[in-house]
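Note sheet for the following structure.
The values are calculated or read from the model by the stated rules, or taken from the named source; none is laboratory data. This one's a predicted model, so the numbers in the text were calculated from it and none came from an experiment. We place every Cβ from the backbone using ideal geometry, glycine too, and count neighbours over all the protein chains shown.
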Amino acid sequence: MDRLVFIGRLVILLQTITAEQSQKKLENISDIHKKQFNKEPNWIIKAPGRINILGEHLDYNGGNVLPAGVNRHLFFTIGSSESETPLIDAFAIMTGERSIISTQDKYNGWRAYFRGSLLALEEEGYKLDRRVEVAFYGNIPLGAGMSSSAALCCGLILGLSHTLGWGLDRKLIALLGQRAEHIIGANCGLMDQYAVLFSRKGHIIDLDCSSMETSLIPWKLKDTALVLVNSKVDHQLAGTGSIYNKRRAVCEKALNILKKDDSNLHFLAKASLDQLESLKTHFSKDDFAKVQYVIQEAQRVEKAKQAIFSGSAGDLGQLMYSTHEGLQHLFEVSVPETDLLVDIGRETDGVYGARMVGGGFGGCVLFLMEASTSKEAAKNIYESYLQKTGIDSPGFEVKIDNGISIAPAL
Ligand code: GLA
């Protein structure tokens, strides 16, 4: 699966870059671009990765989700050349790979995402009319449930829009970014693209995926820290893409069953547990559990919003643990390593809650911690995970950050 090959390769490519190195690279990225293409870039783009406080696997079910962009980014430089041949000349800074990408050929890895973005744009009537040069690198751990692929597609599409004067608005860029992923084979929802495009520092996005309306909730849990630990489980082995698509298909089938009794029901996340119970015989045991998760998670999101509004880290933490349990036992998208990390969280002083983030099958666990003891808690979790699994994965704190930005290259 191309998405997975992309993830596998780029995990190695980018994972080890620290935030400081990344800042240094940003200062140099225009120089790198110039050296590579013998030409100044026109634009610099900074696209964040995201976390999701609560509301997992709800975006494609019309539920509310609570994501936020964080201070881990993909950076791009982009410029156009005189050549009228419609292609992208791309340079992956961390591996030193330079590639020509057009819609004609098929690719693996990050190149497939570039091509997917071009195809999505073409379907909407936006065709390259010249050669475009792009350099990029980043410090988002890839394949770790932090939306590196959405940052890649949305960053590229925004850059192309500015360079070629298309003036695409952010909602359309989100849809095109999603379309690019569908072309590659992952039937994702829109949470990641919205987080990349609409995040605001110090706020959680409350995204209603039935209407795609957003509102911002101030992150009032001031004395807390958000810490991520990458389980480092190899998504390729777990077969992320296909299982994700299967879960989505189960949800779509379930909605059709529930609709038979309630023609006003348009989204699975809006169903009630009573409705589900009354049609229990129509579901296999496994599918019933998955739908149960979706409905319960939608209800948890409402409680999570209250906890954030009232600044209650304890309540929010408990909801995170419940979400993880649902993902582990009902929706079945967790793996033993992320379960272990969450269990370690439960036993660690100063941890309010923990859960896997993103599509699942590995990736990061998000910990909500008491700020004053978060360094010690993160160290304890690191040591315990290392000792139990042999996996060396230091946690890192993330801060909620703004969405994607684009500025003229200096
Ligand atoms: C992935 C998808 C999103 C969303 C999450 C699960 O990140 O890209 O659309 O479905 O999984 O919440």
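Values as computed for the structure displayed
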read-out: Residue among D169, D208, D192 that is more than 20 Å from G62 (Cα to Cα) and among the acidic types (D, E); value: D169
read-out: Qualifying residue in region 229-236 (condition: touching a strand residue (DSSP E or B) at 6+ places or on another chain (Cβ under 9 Å), under 18 Å from S310 (Cα atoms) and at pLDDT 95 or above); value: no
read-out: Residue tally, condition closer than 20 Å to I44 by Cβ, of a type outside the set (V, I, T) and at pLDDT 95 or above, over region 78-95; value: 5
read-out: Residue within region 186-204 that is under 30 Å from K35 (Cα atoms), in the same structural domain as E82 (by TED's automatic domain parsing) and touching a Pro at 6+ places or on another chain (Cβ under 8 Å) present; value: yes
read-out: Residue in region 228-235 that is away from the ligand (no atom under 11 Å from the Cβ), within 30 Å of S384 (Cβ to Cβ) and in a helix (DSSP H, G or I) present; value: yes
read-out: Given (1) within 16 Å of the ligand (Cβ to nearest atom); (2) in contact with a helix residue (DSSP H, G or I) (Cβ under 7 Å, 6 or more places away or on another chain); (3) not in a strand (DSSP E or B), index of the condition T103 fails; value: (1)
read-out: Number of the exception - E97 against (1) surrounded by fewer than 16 Cβ atoms within 10 Å (Cβ to Cβ); (2) over 30 Å from G360 (Cβ atoms); value: (2)
read-out: Pair list, Cβ < 6 Å and 6+ apart or interchain, from region 302-319 residues that are farther than 13 Å from V65 by Cα and crowded, with 20+ Cβ neighbours inside 10 Å to residues that are among the basic types (K, R) and at pLDDT 95 or above; value: L319/R300; L319/K303
read-out: Single residue of T323, T348 found to be modelled with pLDDT of 95 or more and surrounded by fewer than 24 Cβ atoms within 10 Å (Cβ to Cβ); value: T348
read-out: Per-region count, region 140-177, residues surrounded by 24 or more Cβ atoms within 10 Å (Cβ to Cβ) and within 15 Å of the chain's Cα centre (by Cα); value: 18
read-out: Unique match (being among the small types (G, A, S), at positive phi, within 16 Å of the ligand (Cβ to nearest atom) and not in a helix (DSSP H, G or I)) among G125, G145; value: G145
read-out: Residue in region 247-264 that is assigned to a loop (DSSP other than H, G, I, E, B), of a type outside the set (A, V, I, L, M, F, W, C) and closer than 29 Å to P394 by Cα present; value: no
read-out: Scope region 144-194; condition farther than 21 Å from K246 by Cβ and of a type in the set (D, E, K, R); matching residues; value: D169, R170, K171
read-out: Test for K285: is it at pLDDT 95 or above, within 16 Å of the ligand (Cβ to nearest atom) and of a type in the set (D, E, K, R); value: no
read-out: Single residue of region 385-410 satisfying the filter (in a helix (DSSP H, G or I) and not hydrophobic (A, V, I, L, M, F, W, C)) that is nearest to the chain's Cα centre (by Cα); value: Y385
read-out: Filtered residue count, region 160-184, keeping only those that are closer than 11 Å to Y126 by Cβ and at pLDDT below 95; value: 0
read-out: Neighbours by Cβ (under 8 Å, 6+ apart or cross-chain): first from region 375-395, within 19 Å of P336 (Cβ to Cβ) and touching a residue at least 40 places away in the same chain (Cβ under 8 Å); second among the basic types (K, R) and surrounded by 19 or more Cβ atoms within 10 Å (Cβ to Cβ); value: I391/K232; S393/K232
read-out: Any chance D89 is among the acidic types (D, E), within 16 Å of the ligand (Cβ to nearest atom) and touching a strand residue (DSSP E or B) at 6+ places or on another chain (Cβ under 9 Å); value: no
read-out: Close pairs from region 56-71: first within 9 Å of the ligand (Cβ to nearest atom), partner assigned to a strand (DSSP E or B) and among the charged types (D, E, K, R), Cβ under 9 Å, at least 6 apart; value: E56/R355; V65/D206; V65/D208; P67/R50
read-out: Region 220-232 - residue that is surrounded by 14 or more Cβ atoms within 10 Å (Cβ to Cβ) and in contact with a helix residue (DSSP H, G or I) (Cβ under 7 Å, 6 or more places away or on another chain) and, of those, farthest from G317 (Cα to Cα); value: S231
read-out: Test result for A135, within 16 Å of the ligand (Cβ to nearest atom) and over 15 Å from R115 (Cβ atoms); value: no
read-out: Test: residue in region 185-201 that is among the aliphatic types (A, V, I, L, M), away from the ligand (no atom under 16 Å from the Cβ) and modelled with pLDDT of 95 or more; value: no
